[in-house]
Amino acid sequence: MPCTGWFSNTVGYGITYGATDVLTQVEISYVLVAALISMDTPRQIGWHLANAMHGGASLEEARAVRQISIDVAEKSGIKWKEGVPELN
């Protein structure tokens, strides 16, 4: 079985966040939020929403990305155990 620590560090953070010549850090955070919402990982969703805002996203933009991601996931049949974290 592959090491999830290696995967997270090498692929998740190394390649993903290292590709800022393609997408901005905020755009990468938005992509990760959408993926994490579809996988029902609330802790990580909160981290990446906060990271988008630390990178310059406005509260309104982050809320819009969150809601659009929820809407698409719901239309795809995704159900959440504990819901998706709100932005304060």
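The values are calculated or read from the model by the stated rules, or taken from the named source; none is laboratory data. Everything numeric here is computed off the predicted structure, so don't read it as measured data. Keep in mind that these areas ignore ligands, DNA and RNA; they rest on the heavy atoms of the full protein, side chains included. Shrake-Rupley method; radii C 1.70, N 1.55, O 1.52, S 1.80 Å.
Quick check on region 68-80. Is at least one of its residues in a helix (DSSP H, G or I) and within 10 Å of the chain's Cα centre (by Cα)?
yes
What are the residues in region 1-29 that are at pLDDT 80 or above, in a helix (DSSP H, G or I) and open to solvent by 40 Å² or more (accessible area, probe 1.4 Å), if any?
Q25, E27 - these are the residues of region 1-29 that are at pLDDT 80 or above, in a helix (DSSP H, G or I) and open to solvent by 40 Å² or more (accessible area, probe 1.4 Å).
Can you tell me how many residues within region 30-64 are open to solvent by less than 40 Å² (accessible area, probe 1.4 Å) and either among the charged types (D, E, K, R) or at positive phi (or both)?
The total comes to 1.
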